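Okay, so here's the structure we're looking at.
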Amino acid sequence: MKKILVLLLIPFAVAAQKDYSKTLGQYMQAQATVNNFSGAVLIMKKDKVLLRQGYGMADREWNVANTADTKFRIGSITKQFTAACILQLVEQGKLNLDDKLSKFFRAFQKETA
């Protein structure tokens, strides 16, 4: 009886173990095909890489495809992330918006004129 029960449960156990890497890859490929997504994607869960892939073109003129290691010129987009991080530190009480840089960087001294 136990053997029959185990045999009946095996398909459920196998189905429960999804291949997320394959599913994510298919989803991103669909985004690239349907919505013309172009970029590099890295998705990790804990210390395991689920997806690391480039999609679309890095340079359409020279027909160069994106890879997982493609470098992108991001310009000033990092300012928003820096501001969000600073505000999180303020919420945690680790930083005050009125703090001077010299509080954290002793070598930094703003000259007073």
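A few remarks follow.
- Residues being surrounded by 10 or more Cβ atoms within 10 Å (Cβ to Cβ) and more than 19 Å from the chain's Cα centre (by Cα) - total across segment 62-87: 4
- Residue selected from segment 13-29 under the condition at pLDDT below 50 and not β-branched (Val, Ile, Thr), by the criterion surrounded by the most Cβ atoms within 10 Å (Cβ to Cβ): ALA13
The values are calculated or read from the model by the stated rules, or taken from the named source; none is laboratory data. As the structure is a prediction and not an experimental result, all values here were calculated from the model. All Cβ positions, even for glycine, are placed from backbone atoms using ideal geometry, and neighbour counts span all protein chains on display.
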